[in-house]
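In what follows, a single structure is set out as C-alpha cells and then discussed.
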Amino acid sequence: MSKIGKDKTISIRLSQAMLEALDARAVLDGKDRTQVIREAIAHYLELPEDLVEDRVNLLEQGIEQLREQVQLTEERTDLLEMQLNELNQVVTLFIGRQKK
C-alpha cells in the first residue's frame with residue numbers, strides 16, 4: 001500500500017463466522033490477519049496490492065530473521081565445538097589411564 005505518513009489503526013466488528021473465515025484464510029495463506037484484511041480491501045477498492053515498498057519491507061524482515069537464525073546457529077556451533085573438545089579431553093584421559 002502506498003504510505004502517506006504513518007499507517008492508521010482502525011477497529012471493526014466482525015461476526016464469529018467472519019472472524020473464523022479470516023483466521024482460516026490467514027493460516028491457509030501463511031499471513032496474519034492484517035495482511036489478509038489489507039489485501040481484501042485493496043482488491044475490493046481495486047488498489048494495487050504489492051507495491052515495491054511493501055515487498056522491500058517484507059524482504060527486510062526476512063533478511064533480519066535469517067540473520068538472527070545464523071547468529072543462533074553460530075552460537076550453537078561454538079557451544080558444540082567446546083563440548084566436543086571437552087569430550088575429547090575426557091576420552092584422552094580415560095585412554096591414557098587404561099594404558100597404565
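Annotations
- Figure legend. Inter-residue proximity from region 1-26: first residues surrounded by 11 or more Cβ atoms within 10 Å (Cβ to Cβ), second residues modelled with pLDDT under 95 and not in a helix (DSSP H, G or I), beta-carbon distance below 9 Å, spacing 6+ or different chains. Indicated pairs: Met1/Asp7; Met1/Leu47; Met1/Pro48; Met1/Glu49; Met1/Leu51; Arg25/Lys31; Ala26/Asp32.
- Against the test of being at pLDDT below 90 and assigned to a loop (DSSP other than H, G, I, E, B), the options Glu46, Glu39 yield a single qualifying residue, Glu46.
The values are calculated or read from the model by the stated rules, or taken from the named source; none is laboratory data. Not measured: the values here are computed from a predicted model. As a convention, Cβ positions derive from the backbone with ideal geometry for all residues, glycine included, and neighbour counts pool all protein chains shown.
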